[in-house]
Amino acid sequence: NKPRSSEALKVVARCRPMNRKEEAAGYERILEMDVKLGQVTIRNPRASPGELPKTFTFDAVYDASSKQADLYDETVRPLIDSVLQGFNGTIFAYGQTGTGKTYTMQGAWAEPEKRGIIPISFEHIFTHISRSQNQQYLVRASYLEIYQEEIRDLLAKDQSKKLELKENPETGVYIKDLSSFVTKNVKEIEHVMNLGSQTRSVGSTNMNEYSSRSHAIFLITIECSETGLDGEEHIRVGKLNLVDLAGSERQSKMGAHGERPKEASKINLSLSALGNVISALVDGKSTHIPYRDSKLTRLLQDSLGGNAKTIMVATLGPASHSYDESLSTLRFANRAKNIKNKPRVNEDPKDTLLREFQEEIVRLKAQLEKRGMLGKKRRRSSRRKKAMDGESAMENEGEDDNEDGLEKNMENYLKEQKERLEEEKAAIQDDHSLVSEEKQKLLEEKEKMIEDLRKEQEATELLATKYKAMESKLLIGGRNIMDHTNEQQKMLELKRQEIAEQKRREREMQQEMLLRDEETMELRETYTSLQQEVEIKTKKLKKLYAKLQAVKAEIQDQHDEYIRVRQDLEEAQNEQTRELKLKYLIIENFIPPEEKNKIMNRLYFDCEEDQWKFQPLVPAGGSQMKKRPTSAVGYKRPISQYARVAMAMGSHPRYRVSGRTLV
């Protein structure tokens with residue numbers, strides 16, 4: 001459980017094909033993907049004649065002809081294997097709206113070749129479990145979205161409920177009351193995913209007909225129990241975050257009205273916060289990382305510079321009208337690849353659900369044994385262990401026998417007891433030597449015993465049902481396997497992994513050779529004459545001058561990007577100011593002063609949850625309201641009475657408060 005040496009965040013770039021709209025409008029292609037070298041070259045369609053294209057290098061690059069399986073086998077599969085070993089893992093897609101983030105993460109579920117990272121990872125996880133030996137697994141799934149900076153549980157019945165972020169010193173950031181479902185196979189986890197997807201926020205814009213209007217995170221927790229070398233049971237817990245981010249977009253290109261501009265503003269703000277976190281992590285000089293600026297960055301805190309292995313898929317649009325957005329995505333991804341994480345195996349954590357399940361099963365089993373229900377089952381199991389050599393068909397038959405034996409044992413035991421009591425009852429009725437009162441008393445006792453037996457029967461049945469339900473939730477490695485088919489499948493997967501690893505090594509070697517060639521070119525050069533030396537050095541000077549111009553252009557582009565981001569933030573600020581003025585107007589004209597004062601007196605700021613809260617009302621009999629806390633959890637801030645009431649109305653985004661000013 002010792003921390004490993006730091007590991008860089010893995011970044012890959014993927015470009016979608018040109019769509020019909022772009023082809024019909026006559027847009028030119030500005031992206032070139034060099035798959036072998038892992039490089040993306042972007043050309044400015046508005047560039048002056050001498051301007052050079054910009055080149056970015058990543059861990060891997062996938063062009064428009066790439067398949068979903070290529071991306072998974074080369075990039076994602078090693079991370080899923082690490083999660084199954086007990087590491088935390090995160091995969092997220094980042095890019096402009098309409099560049100294929102949701103396609104990369106989810107794909108087309110009905111078509112096997114077009115299935116995305118999420119469905120393929122489901123199959124990978126449960127296939128691995130079925131092939132493992134002497135291990136117990138528990139797989140849980142949760143699904144949430146961050147919509148307009150509010151966290152919603154996509155699997156909850158009450159979709160209007162907003163969830164809160166909490167932090168635990170041992171496990172890190174978590175979401176209070178987030179529902180979690182135990183899944184036993186691919187079909188069940190796909191069902192959970194589909195249920196959540198039905199309630200996710202999507203909408204139509206000029207950029208994309210089915211645009212994701214929220215950041216969605218599908219969380220899989222895999223707990224594995226295994227006997228260690230010390231003979232003790234050890235539990236490893238791996239958490240996999242599958243993140244489908246909403247796309248960054250310009251208000252001018254959206255062409256949307258109503259809620260869409262407000263949604264876009266919130267999306268851009270959270271993505272801007274993500275960019276600030278990445279910049280602070282890469283900078284090396286920053287003493288503060290602004291994780292708390294957004295719910296998204298709080299949730300991804302471990303994935304960015306913490307205890308996790310992380311993959312970022314930067315999705316790009318190839319057309320000239322997306323130049324600014326594609327360049328921004330490439331720069332973002334180029335910064336992100338410099339982040340260093342420190343992943344470690346999560347071994348024997350205190351709050352594992354698998355351990356709770358195992359303890360509950362042992363407790364239920366003990367109760368059933370106490371009632372005499374499992375004796376026959378245990379004897380049959382021991383006989384089978386001695387007699388059989390472990391063939392899978394016989395094991396399955398033995399398991400069915402166990403379940404049938406348990407039910408028959410219960411029925412026989414309870415039937416015998418009931419028959420014995422009925423016989424005793426009949427004997428009392430036939431015994432004429434007993435006084436009528438004494439006979440009545442004995443009959444009542446027997447009736448009571450019969451009633452107690454009936455209750456015991458119900459309790460035992462309930463225990464047995466619960467025992468079976470708990471056992472069924474645990475997945476045992478090595479069961480229900482078609483050996484020959486699985487062996488062939490395993491060999492194919494190993495070959496695919498070897499090919500993917502070989503491609504990765506070749507790409508790294510080519511990148512290294514290219515870098516070394518540039519560095520050693522000067523050392524290898526010799527000149528036959530002074531004139532030749534002048535010509536070669538003039539060429540070099542021109543090349544260096546072109547590079548200088550490219551750097552200057554890059555600085556100008558960065559400045560222009562900063563101006564655009566600032567304008568977007570100013571727009572968001574103006575929108576929030578308008579909303580606040582509206583609230584002031586409502587307070588002034590429609591809320592009586594005494595009601596306003598009551599609200600003001602009950603408000604306090606909770607620093608832990610970063611929001612304003614109401615103090616509870618005093619119970620009947622109390623004469624004064626509770627004093628507002630002044631600890632680190634919640635304390636008073638100087639704030640205007642109208643602003644405080646406006647905060648309490650809660651239908652607008654929260655504002656940070658400095659003195660008497662809302663920022």
- Task: Of the listed pairs Lys285/Lys337; Lys503/Lys537; Lys187/Lys262; Lys114/Lys157, which have alpha-carbon separations greater than 27 Å here?
- Result: Lys503/Lys537; Lys187/Lys262; Lys114/Lys157
- Message: Quick check on my link table: of Lys583/Lys613; Lys176/Lys596; Lys10/Lys36; Lys54/Lys309; Lys54/Lys539, which ones sit more than 26 Å apart, alpha carbon to alpha carbon?
- Response: Lys176/Lys596; Lys54/Lys309
- Query: Where does each of 133-146, 540-553, 501-514 land if you order them by average Cβ count within 10 Å, highest first?
  - Reply: 133-146, 501-514, 540-553
- Stretch gain in nm, segment Lys262-Gln532, where the contour uses 0.36 nm per residue and the Cα spacing is subtracted: 90.9 nm
- Report the charge-dipole magnitude of the range 7-350 in Debye, nearest 20, computed about the Cα centre from +1 at each Lys and Arg Cβ and -1 at each Asp and Glu Cβ. 800 debye
- Just order 287-293, 89-95, 51-57, 306-312 by mean Cβ neighbour count inside 10 Å, highest at the front, would you? 89-95, 306-312, 51-57, 287-293
- Message: I'd like the FRET efficiency for Gln133 and Ser65, computed as 1/(1 + (r/R0)^6) with the beta carbon distance as r and R0 of 41 Å, rounded to 0.05.
- Response: 0.55
- Message: Using each residue's phi in the range 61-74, evaluate 6.51 cos²θ - 1.76 cosθ + 1.60 at θ = phi - 60° and report the 3J(HN,Hα) Karplus result to the nearest Hz, with x for Gly and Pro.
- Response: 9, 10, 8, 5, 8, 5, 9, 4, 5, 4, 4, 5, 5, 7
- Translational D (Stokes-Einstein, µm²/s) of the range 7-350 at 20 °C and 1.002 mPa s when Rh comes from the Kirkwood sum over C-alpha pairs? 103 µm²/s
- Message: Once you place label points 7 Å from the Cα toward the Cβ at Gln558 and Lys187, how far apart are they in nm?
- Response: 5.6 nm
- Item | Net length gained if the chain between Glu506 and Asn597 were fully extended (0.36 nm per residue, minus Cα distance) | 25.7 nm
- Task: Arrange the residues Tyr604, Tyr562, Tyr584, Tyr62 by how much accessible surface each exposes, largest first, with a 1.4 angstrom probe.
- Result: Tyr562, Tyr584, Tyr604, Tyr62
- Message: Kirkwood Rh over alpha-carbon pairs of the range 535-602, then Stokes-Einstein at 37 °C and 0.692 mPa s: what D in µm² s⁻¹, rounded to an integer?
- Response: 193 µm²/s
- Phi-derived 3J(HN,Hα) across the range 279-285 with the Karplus relation (6.51, -1.76, 1.60, θ = phi - 60°), rounded Hz, x for Gly and Pro, is 4, 5, 5, 6, 4, x, 9
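Once Rh for the range 15-147 is found with the Kirkwood sum over Cα pairs, what is the Stokes-Einstein diffusion coefficient at 37 °C and 0.692 mPa s, in µm²/s?
Numbers: Rh = 17.7 Å.
The calculation lands on 185 µm²/s.
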- Message: If you roll a 1.4 angstrom probe over the protein chains with everything in place, what fraction of the accessible area of the range 101-232 belongs to carbon and sulfur, to the nearest %?
- Response: 49 percent
- Extension gain from Ile499 to Glu233, taking 0.36 nm per residue of separation minus the Cα-Cα distance: 92.1 nm
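By the gyration tensor of its Cα atoms, with a ≥ b ≥ c the square roots of the eigenvalues, what is the shape of the range 280-342: rounded for a/c under 1.5, prolate for a/b over b/c, or oblate?
Taking the square roots of the gyration eigenvalues as a ≥ b ≥ c, the range 280-342 is prolate.
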- Task: Enumerate the calculated ³J(HN,Hα) couplings along the range 336-346 in order (Karplus 6.51 cos²θ - 1.76 cosθ + 1.60, θ = phi - 60°), each rounded to whole Hz, writing x wherever the residue is Gly or Pro.
- Result: 4, 5, 8, 6, 10, 9, 10, x, 8, 6, 8
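The values are calculated or read from the model by the stated rules, or taken from the named source; none is laboratory data. Values in this document were obtained by computation on a predicted structure and should not be read as measured data. Heads up, the Cβs are rebuilt from the backbone with ideal geometry, glycines too, and the neighbour counts pull from every protein chain shown. All accessible areas refer to the heavy atoms of the entire protein, side chains included, with ligands and DNA or RNA removed. Shrake-Rupley method; radii C 1.70, N 1.55, O 1.52, S 1.80 Å.
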